Amino acid sequence: MLEGLRSCIYEVGDLDAAKTWYADVLGVAPYFDEPFYVGFDVGGYELGLLPTDRTETPSGGQSYWGVPDIATARDALISRGAQPVSEPQDVGGGIMMAVLVDPAGNRLGIIENPHFAAR
């Protein structure tokens, strides 16, 4: 029934600021860039930015983005304005996970998983 993760959508109050931040973090420009939605192709998966006028902090499911080295990725995200929520921790089998918050208030999970290779 489910074929795998395709998209991760984040609500953002300032679409232009979020687009600039994620373009820097991902190292790519969006492939879809409209006032109502911005989409990035990230290794065959989509990160979507959806503008909202909500005043409270965005909420939703937790997604994790694969990284080759969690310490390096975490430091790079923090240097670009993300705020740490949890320290990297081994959750078993050498799999490392950590959570940050992006400048728009979205939780941003990162995972270093030596057992997973994207197809």
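The values are calculated or read from the model by the stated rules, or taken from the named source; none is laboratory data. Just so it is clear, the model here is predicted, and its values are computed rather than measured. Quick reminder, even Gly has a Cβ in these numbers, built from the backbone with ideal geometry, and neighbours come from all protein chains shown.
State which residue is modelled with the highest pLDDT when the search covers only region 97-115 and only residues that are farther than 18 Å from Thr72 by Cβ and in a loop (DSSP other than H, G, I, E, B).
Applying the filter and picking the extreme gives Pro103.
Condition first: within 19 Å of Val42 (Cβ to Cβ) and crowded, with 16+ Cβ neighbours inside 10 Å. Now tell me which residues in region 67-88 satisfy that. Quick ask: steps written out before the conclusion?
Our first condition is that a residue be within 19 Å of Val42 (Cβ to Cβ); within region 67-88, this holds for 67-70, 72-74, 76-77, 80-82.
Within region 67-88, Val67, Ile70, Ala73, Arg74, Leu77, Ala82 meet the criteria.
Here is a yes/no grid of residues against (1) out of contact with any helix residue (DSSP H, G or I) (no Cβ under 6 Å at 6 or more places or on another chain); (2) within 20 Å of Trp21 (Cα to Cα); (3) not aliphatic (A, V, I, L, M):
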| site | (1), (2), (3) |
| --- | --- |
| Val67 | no, yes, no |
| Thr72 | yes, yes, yes |
| Ile78 | yes, yes, no |
| Gln83 | yes, yes, yes |
| Pro88 | no, no, yes |
| Val91 | yes, no, no |
| Met96 | no, no, no |
| Val101 | yes, yes, no |
| Asn106 | yes, yes, yes |
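Go through Pro68, Pro84, Pro58 for me and flag whichever is touching a strand residue (DSSP E or B) at 6+ places or on another chain (Cβ under 9 Å) and either assigned to a strand (DSSP E or B) or at pLDDT 95 or above (or both). Quick ask: steps written out before the conclusion?
Details: Pro68 fails: either assigned to a strand (DSSP E or B) or at pLDDT 95 or above (or both); Pro58 fails: either assigned to a strand (DSSP E or B) or at pLDDT 95 or above (or both).
Step by step, each of Pro68, Pro84, Pro58 is checked, and only Pro84 is touching a strand residue (DSSP E or B) at 6+ places or on another chain (Cβ under 9 Å) and either assigned to a strand (DSSP E or B) or at pLDDT 95 or above (or both).
Which ones in region 1-46 are part of a strand (DSSP E or B) and either within 14 Å of Ala104 (Cα to Cα) or acidic (Asp, Glu) (or both)? First the steps, then the outcome.
Just the residues of region 1-46 that are part of a strand (DSSP E or B), to begin with: 7-12, 32-34, 37-42, 45-46.
Once the filter is applied, which keeps residues that are part of a strand (DSSP E or B) and either within 14 Å of Ala104 (Cα to Cα) or acidic (Asp, Glu) (or both), region 1-46 yields Ile9, Tyr10, Glu11, Val12, Asp33, Glu34, Asp41, Glu46.
For region 29-44, does any single residue satisfy the condition of being at pLDDT below 90 and surrounded by fewer than 17 Cβ atoms within 10 Å (Cβ to Cβ)? Give the derivation first.
The initial filter retains those residues of region 29-44 that are at pLDDT below 90, namely 43-44.
With surrounded by fewer than 17 Cβ atoms within 10 Å (Cβ to Cβ) added as a condition, the list becomes 43-44.
Scanning region 29-44, I find at least one residue that is at pLDDT below 90 and surrounded by fewer than 17 Cβ atoms within 10 Å (Cβ to Cβ), so the answer is yes.
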